[in-house]
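Student: One structure coming up, written as structure tokens, with questions to follow.
The values are calculated or read from the model by the stated rules, or taken from the named source; none is laboratory data. What you see is a predicted model; the values in this text were computed from it and never measured. We place every Cβ from the backbone using ideal geometry, glycine too, and count neighbours over all the protein chains shown.
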Amino acid sequence: MAAVPGRALHYVFKIGDRAKNAFFFRSILGMKVLRHEEFKEGCDAECNGPYDNRWSKTMVGYGPESSHFVIELTYNYGVTSYEMGNDFGGVTIHSTEILPRAAQHSYPIDKTEGGSLLTSPDGYKFLVIDQAAPTADADPVQSVELHVSNLAASRQYWEQLLRMQPLAENKQSVRLSYGGKQASLQLTQILDPINRAKAYGRIAFAVPSATQPPLYEAVKAAGGTILKSLITLETPGKATVSVLILADPDGHEICFVDEEGFSQLSQVEPDGEQRLDKYIAKDPFQKT
């Protein structure tokens, strides 16, 4: 299969308290609400996990989804917490503004090798490098780390089958990308068996629609795990997208969405922040 012209989009976090997370991502990390969507029933692609209930999706980041790697906050009404596994390593952010904000709000900061570690209300790790992004137009989100049980097998899957390009490597990890200034994916081998538990997430990439069928066929021929085979997803009042959902050797979920539909679907909503706050205020399951 030829090279895949992919673009890293976002990582999905399941969250248990929207108010606490809204404070962390906005007031501590300094991200903006890019769009907020409410759904009355579960997603056909299990975007909100294996739950068939009312849920919401909030996209937050440092700039438009067309040029930045963002975080998808998935909230299932009535679910207040999720068991955390060891599958997710963390997000690395370059910023000189986060640590002063955290100190101002007395938010816990743990010093660690290479930077400072902040933990979201649900336990997701963010490694903050206290320096500006490499260039003025660079995304502060530099990389996303996933833990794997066999680095050689995982590298073969992501590099040979999904056609990501290696950027750097050592005995324990490899960093990969589809190119350009987009955030990279770091795969790090750990000794313990991978446990995705209940809080498991999903990483998403955009690709031209014409590359989705060949990618599907390549994964199928290789005996890879296909969770959803090129299904269409509708968002009321927005563009319809085609998605292919895969799982790597350790079960990490991977979404490939068509670039054409996603570029329309992911337009920034001027009232996204206000809509999030409105639904937090009227949430019957949480009063914080």
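Student: Can you tell me which residues in the range 244-288 are β-branched (Val, Ile, Thr) and surrounded by 17 or more Cβ atoms within 10 Å (Cβ to Cβ)?
Tutor: Hits for the range 244-288 are Ile245, Ile254, Val257, Ile280.
Student: Within the range 156-186, restricting attention to residues that are among the charged types (D, E, K, R) and part of a loop (DSSP other than H, G, I, E, B), which residue is nearest to Tyr11 (Cα to Cα)?
Tutor: By that ranking, first place goes to Lys181.
Student: Same structure, new question: Here is a check on your reading of the model: is Glu217 more than 20 Å from the chain's Cα centre (by Cα), among the charged types (D, E, K, R) and either within 21 Å of Leu246 (Cβ to Cβ) or exposed (fewer than 14 other Cβ atoms within 10 Å of the Cβ) (or both)?
Tutor: Numbers: more than 20 Å from the chain's Cα centre (by Cα): yes; among the charged types (D, E, K, R): yes; either within 21 Å of Leu246 (Cβ to Cβ) or exposed (fewer than 14 other Cβ atoms within 10 Å of the Cβ) (or both): yes.
Here the answer is yes, as Glu217 does meet what is asked.
Student: Show me the strands (runs of 3 or more DSSP E) entirely contained within the range 22-122 in which 2 or more residues are in contact (Cβ under 8 Å) with a residue 12 or more places away in the chain and in contact with a helix residue (DSSP H, G or I) (Cβ under 8 Å, 6 or more places away or on another chain).
Tutor: Answer list for the range 22-122: 32-39, 55-61, 70-76, 115-119.
Student: Tell me whether the range 217-237 contains one or more residues that are modelled with pLDDT of 95 or more, in contact with a strand residue (DSSP E or B) (Cβ under 8 Å, 6 or more places away or on another chain) and in a helix (DSSP H, G or I).
Tutor: Scanning the range 217-237, I find at least one residue that is modelled with pLDDT of 95 or more, in contact with a strand residue (DSSP E or B) (Cβ under 8 Å, 6 or more places away or on another chain) and in a helix (DSSP H, G or I), so the answer is yes.
Student: So, one more: Of the residues that sit in the range 123-153 and are β-branched (Val, Ile, Thr) and not in a loop (DSSP other than H, G, I, E, B), which one is surrounded by the fewest Cβ atoms within 10 Å (Cβ to Cβ)?
Tutor: Initially, the range 123-153 is screened for residues β-branched (Val, Ile, Thr), giving 128-129, 135, 141, 144, 148.
Right, trim to not in a loop (DSSP other than H, G, I, E, B) and you get 128-129, 141, 144, 148.
Details: Val128: 25, Ile129: 18, Val141: 28, Val144: 21, Val148: 25.
That would be Ile129.
Student: Right, next: Right, Glu234: more than 27 Å from Asp122 (Cα to Cα), without any contact (Cβ under 8 Å) to a residue 12 or more places away in the chain and charged (D, E, K, R) or not?
Tutor: In short, yes.
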